[in-house]
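This is the structure I want to talk about, given as structure tokens.
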Amino acid sequence: MTLELRNVSKSVGVEEHIRDVSLTLEKGSLNVLLGPTLSGKTSMMRLMAGLDRPTTGDILVDGKSVVGMPVQKRQVAMVYQQFINYPTLSVYENIASPMRVSGRDKGTIDKKVRAAAELLKLTPFLDRTPLHLSGGQQQRTAIARALVKDAGLVLLDEPLANLDYKLREELRVELPRLFGESGAIFVYATTEPHEALLLGGKTATLSEGRVTQFGATIDVYSRPADLITAQTFSDPPLNVVPMEKRGSQLSYDGKSIAAPAETGGLPDGTYKVAIRPHHLLLRPPAGAAIQVEASVSTTEITGSESFIHVEHDGLRWVALTHGVHRVEIGDRVPVYLDPAGFLVFDEDERLVAAPSSYVAPPRNAMGA
Amino acid sequence: MKHRRWLVPTLYILFLMLPVYWLLNMSFKTTNEILGGFSWFPADFTVDSYVKILTDPTWYMGYVNSIIYVVLNTVISVSFALPAAYAFSRYRFLGDKHLFFWLLTNRMAPPAVFALPFLQLYSAMGLFDTHLAVALSHCLFNIPLAVWILEGFISGVPREIDETAYLDGYSFPRFFTKIFMPLIGSGIGVTAFFCFMFSWVELLLAKTLTSVEAKPIAAVMTRTASTSGYELGLLAAAGVLTIVPGAIVIYFVRNYIAKGFAMGRV
């Protein structure tokens, strides 16, 4: 099936949760909804599932409007961030539940429940009730239930957010594979940019109820259409530096370097240059870079990486460095703005130039 | 001081149990002994009072009548309160909060106020002296109570469970009976207990709305005056038997009662 949202808006009272969203999700595709909390991810999933009705706009499945169609009649499975199961039923019955309702025969139900339990490593717990399981097992039960339903649309609302680190890693790899074989539209909401990158597929970035960009995940990451998309797709936060372009020179704070080739056709003027933390360097790069002096405000050391928060001229930046980087708070350190990572936005915060050789950064070891 | 810790709770329980003990004590005495003077134990132990109550239909039918209308009331209260409580917990509608509070205010008026309108209404409708009359009149205070208790339990169940069930394909009635009611089973138990208890101890409406056919045990007890004065032993035995049903029900819901109180709704 194909799911299309056509100019969908959703207001609750005076609050606008979703603003004029148009989106087409293809059969068998993996789609990530990426955005911070309260950006409208859950609202959008509820609209897709049919749990809520759009205030205006239309939702179409295979070209036919499904607005007003009861949830029971739609082919939708959903997994929530909280572990939602039926506490009074055993794990077996929990998984079997959608098939019991649709009246499948006992043999088929048993076969599918056991297969799903095997896939999700739940076989030893089939006779227990969900509340006697660990959080990870509870969530796997919910995922197994969504899996056996063979739904055309599978919605996962931050399914791994409440799980421990190891389990997340494991499930994150498993999930697209598990659902990928069914040919269903797979929608995955997350607040974490690196999770979107790991899942791949397509990403829609959300901000304040609007879809700011929708496209192949890697494209959205390397060529965000506007500043807000770039900020949504950056964790730790993006560093924004106002720069002046004069001819072939980019300057900031009285220092200038040769502007990257991609900015060649741009008129002179002021631009907002966004630099991801791994392009804000504490050691001089091989090529030319703008060097400014900044004072350290905080450091976060995770072991393999260090996040150094610095302040310069009232602007707060984050630099990501490898290994343990020892600096004291209040130290004045040289910071290098590496033109290899310049995302250049115009005054309206639209992207006008991005590095053509953009390389995705190493995975964020903080896992958050 | 440390080894005297048991003192206060022991005294507390002693004082608490004294009237119950005295009732029990009296029920095994003859009326003459009760009136004769003070004694801690029955000197002339007798179970005659109990035998009389359990063999004389005018006596034991009082219990049967009481139990019939109490059970009837509990069933009506819970089955009407359950959907109402679900609606109050899950849906937003115009004036929902006011309506919910208004339910509580129903409990603020003494039931006696409604004795006369009920009597007149039921007499006119031919309901007078039926078990249903008492059961319905007790809904006056039991349904609001039941809605309040159940709403607390229902709000403790995440709404996502309802939605998951709908997504799984459950229709509302099927979801409600197969998934939801077992989920709040303890809440339903606690609610039923309180309805049972309040209906069981309510005397005024029960006495006013009945005469012969549905006469509750409390009304029977007031009619024991004879030429030889009150039969105190018999009355005490009837009193003991009145405590028994409540005690039995408490035994079954003892583990959930605390939860019901903790919800702050009782």
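The values are calculated or read from the model by the stated rules, or taken from the named source; none is laboratory data. A quick note: this is a predicted structure, and the numbers were derived from the prediction, not measured. Using ideal geometry, Cβ is built from the backbone for each residue, glycine included, and neighbour counts are taken over all protein chains shown.
Which count do you get for residues in region A:294-314 that are surrounded by fewer than 14 Cβ atoms within 10 Å (Cβ to Cβ), under 16 Å from A:P242 (Cα atoms) and in contact (Cβ under 8 Å) with a residue 12 or more places away in the chain?
2
Which numbered condition in (1) in a helix (DSSP H, G or I); (2) crowded, with 18+ Cβ neighbours inside 10 Å; (3) not β-branched (V, I, T) is the only one that B:F128 fails?
With (1) in a helix (DSSP H, G or I); (2) crowded, with 18+ Cβ neighbours inside 10 Å; (3) not β-branched (V, I, T) applied to B:F128, the lone miss is (1).
Does B:T222 meet the test of being exposed (fewer than 14 other Cβ atoms within 10 Å of the Cβ), more than 18 Å from the chain's Cα centre (by Cα), more than 14 Å from B:I67 (Cα to Cα) and away from chain A (no Cβ under 14 Å)?
Answer is yes for this residue.
With (1) surrounded by 12 or more Cβ atoms within 10 Å (Cβ to Cβ); (2) over 22 Å from A:S248 (Cβ atoms) as the list, and A:T263 as the residue in question, which single condition is left unmet?
(2)
Something else now. Being under 30 Å from A:L343 (Cβ atoms), acidic (D, E), surrounded by fewer than 18 Cβ atoms within 10 Å (Cβ to Cβ) and modelled with pLDDT of 90 or more is the requirement here; does A:E169 meet it? So that I can check it myself, show each step before the final result.
On the way: under 30 Å from A:L343 (Cβ atoms): yes; acidic (D, E): yes; surrounded by fewer than 18 Cβ atoms within 10 Å (Cβ to Cβ): yes; modelled with pLDDT of 90 or more: no.
Answer is no for this residue.
Do we find a residue being without any contact (Cβ under 8 Å) to a residue 12 or more places away in the chain, within 19 Å of B:F80 (Cα to Cα) and either among the β-branched types (V, I, T) or not assigned by TED's automatic domain parsing to the domain that holds B:K215 (or both) anywhere in region B:131-144?
Step one: list which residues in region B:131-144 are without any contact (Cβ under 8 Å) to a residue 12 or more places away in the chain, which gives none.
Within region B:131-144, not a single residue is without any contact (Cβ under 8 Å) to a residue 12 or more places away in the chain, within 19 Å of B:F80 (Cα to Cα) and either among the β-branched types (V, I, T) or not assigned by TED's automatic domain parsing to the domain that holds B:K215 (or both).
Now for a different question. Just checking, how many residues over region B:178-214 are under 13 Å from B:V78 (Cα atoms), of a type in the set (A, V, I, L, M), outside any loop (DSSP other than H, G, I, E, B) and within 14 Å of another protein chain (Cβ to nearest Cβ)?
Qualifying residue count, region B:178-214: 2.
Just for region A:68-82: of the residues that are within 19 Å of the chain's Cα centre (by Cα) and part of a loop (DSSP other than H, G, I, E, B), which one is farthest from the other protein chains (Cβ to nearest Cβ)?
A:Q81
Based on what the data block shows, is A:L250 touching a Leu at 6+ places or on another chain (Cβ under 8 Å) and either aliphatic (A, V, I, L, M) or modelled with pLDDT under 90 (or both)?
Details: touching a Leu at 6+ places or on another chain (Cβ under 8 Å): no; either aliphatic (A, V, I, L, M) or modelled with pLDDT under 90 (or both): yes.
Spelling it out, it is not the case that A:L250 is touching a Leu at 6+ places or on another chain (Cβ under 8 Å) and either aliphatic (A, V, I, L, M) or modelled with pLDDT under 90 (or both).
Of the numbered conditions (1) within 14 Å of chain B (Cβ to nearest Cβ); (2) free of Cβ contacts under 8 Å to residues at least 40 places away in the same chain; (3) surrounded by 15 or more Cβ atoms within 10 Å (Cβ to Cβ), A:R114 fails exactly one; give the number of that condition.
(1)
Tell me, which residue of region A:138-161 that is in a loop (DSSP other than H, G, I, E, B), touching a helix residue (DSSP H, G or I) at 6+ places or on another chain (Cβ under 7 Å) and more than 10 Å from chain B (Cβ to nearest Cβ) is farthest from A:A49 (Cα to Cα)?
A:L160
Does any residue in region B:100-123 that is closer than 13 Å to B:A206 by Cα come within less than 8 Å, Cβ to Cβ, of a residue that is β-branched (V, I, T) and assigned to a helix (DSSP H, G or I) six or more places away or on a different chain, and which pairs are these?
Note: pairs meeting the criteria are B:A115/B:T208; B:F118/B:T208; B:L119/B:T208.
Yes or no: region A:247-270 includes at least one residue that is of a type in the set (S, T, N, Q) and outside any strand (DSSP E or B).
Looking through region A:247-270, at least one residue is of a type in the set (S, T, N, Q) and outside any strand (DSSP E or B).
Being assigned to a helix (DSSP H, G or I), of a type in the set (V, I, T) and under 30 Å from B:K97 (Cβ atoms): is that true of B:V220 here?
On the way: assigned to a helix (DSSP H, G or I): yes; of a type in the set (V, I, T): yes; under 30 Å from B:K97 (Cβ atoms): no.
No: the conditions fail for B:V220.
Conditions tested, residue by residue: (1) more than 11 Å from chain B (Cβ to nearest Cβ); (2) in contact with a strand residue (DSSP E or B) (Cβ under 6 Å, 6 or more places away or on another chain).
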position	(1), (2)
A:S11	yes, no
A:S22	yes, yes
A:K27	yes, no
A:L51	no, no
A:T55	yes, yes
A:D58	yes, yes
A:V66	yes, yes
A:I84	no, no
A:S102	no, no
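Sticking with this one: Sort through A:T88, A:T37, A:T108, A:T42 and tell me the only one that's among the hydroxyl-bearing types (S, T, Y), more than 9 Å from chain B (Cβ to nearest Cβ) and assigned to a loop (DSSP other than H, G, I, E, B).
From the options A:T88, A:T37, A:T108, A:T42, the qualifying one is A:T37.
Return the only residue of B:P9, B:P83, B:P19 being on the phi < 0 side of the Ramachandran plot and assigned by TED's automatic domain parsing to the domain that holds B:G239.
Numbers: B:P9 fails: assigned by TED's automatic domain parsing to the domain that holds B:G239; B:P19 fails: assigned by TED's automatic domain parsing to the domain that holds B:G239.
That would be B:P83, the only listed residue that is on the phi < 0 side of the Ramachandran plot and assigned by TED's automatic domain parsing to the domain that holds B:G239.
B:F172 is checked against (1) surrounded by 22 or more Cβ atoms within 10 Å (Cβ to Cβ); (2) within 14 Å of another protein chain (Cβ to nearest Cβ); (3) among the aromatic types (F, W, Y) and fails just one. What number does that condition carry?
Going through (1) surrounded by 22 or more Cβ atoms within 10 Å (Cβ to Cβ); (2) within 14 Å of another protein chain (Cβ to nearest Cβ); (3) among the aromatic types (F, W, Y) one by one, B:F172 breaks only (1).
Output the qualifying pairs, or none if there are none: Cβ atoms under 6 angstrom, residues six or more apart or on different chains, first residue in region A:52-74 and free of Cβ contacts under 8 Å to residues at least 24 places away in the same chain and within 15 Å of A:L5 (Cα to Cα), second residue buried (at least 17 other Cβ atoms within 10 Å of the Cβ) and β-branched (V, I, T).
A:V66/A:I59; A:V67/A:I59
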